[in-house]
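Here is the structure we will look at.
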Amino acid sequence: MAIIEVINISEPDVCAQAGALVRRSFATEAAEFNLTRLRCPSHRAFETDEHLLQALYQPGGSCFGAYSQRNMIGFAAIVPWRRGDAELTRLCVAPEWRRREVGTFLVEYAMVYAKKQGARRMHIAIINENRRLKEWYRSFGFVALNTQRVQGLPFLVCEMVKTL
């Protein structure tokens, strides 16, 4: 069973743990969709700790770690979005811990937390072709809002949203 807690991403050891987990977890997606550092340098599988800290350490943002025996096995962050909404970003679970409800707990925790902070809706952005992930988010009540091409990304991005 995992324990989920709010974490301070500005602490160097926490940022290093989260960064390593984000890269390792998103490496499976990069492999599945043939994303390399050269083809898609901004993919989470290639994100540096410095970029992670810069992207997430901001007013109104919060990070969550899922732990088993003091080891970070899951991570997620919420950051302010347009007009009082929040974005759920970098949700990831260590490959060996997938399909054990860790991701489910992180999503549910983040939604409750964001709502308590005043967010009306939660947004996510995923690879449009990742049908399995899209269906998983639909199971929480997320719906596709739009699909767009983002400069520098070799895939379409699907933005999904859920009213909290």
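None of the figures in this text is laboratory data; all of them are computed from the coordinates on show. Please read these numbers as outputs of a predicted model, since none were measured by experiment. As a convention, Cβ positions derive from the backbone with ideal geometry for all residues, glycine included, and neighbour counts pool all protein chains shown.
Figures for the structure shown
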quantity	calculated
222 nm mean residue ellipticity, helices alone, for the chain (DSSP H n ≥ 4; -39,500 (n - 2.57); rounded to 500)	-10000 deg cm²/dmol
10 Å binning of all Cα-Cα separations within segment 3-119, expressed as whole percents from 0 upward	14, 46, 34, 6, 0
In range of the label at Thr104: residues from segment 42-78 whose backbone nitrogen is under 14 Å from the point 7 Å along Cα→Cβ	none
Distribution of pairwise C-alpha distances over segment 57-146, 10 Å bins, in %	16, 49, 31, 4
Segment Leu164-Arg39, length gained on full extension (0.36 nm per residue, minus Cα span)	41.4 nm
Extension gain from Gln148 to Arg82, taking 0.36 nm per residue of separation minus the Cα-Cα distance	22.0 nm
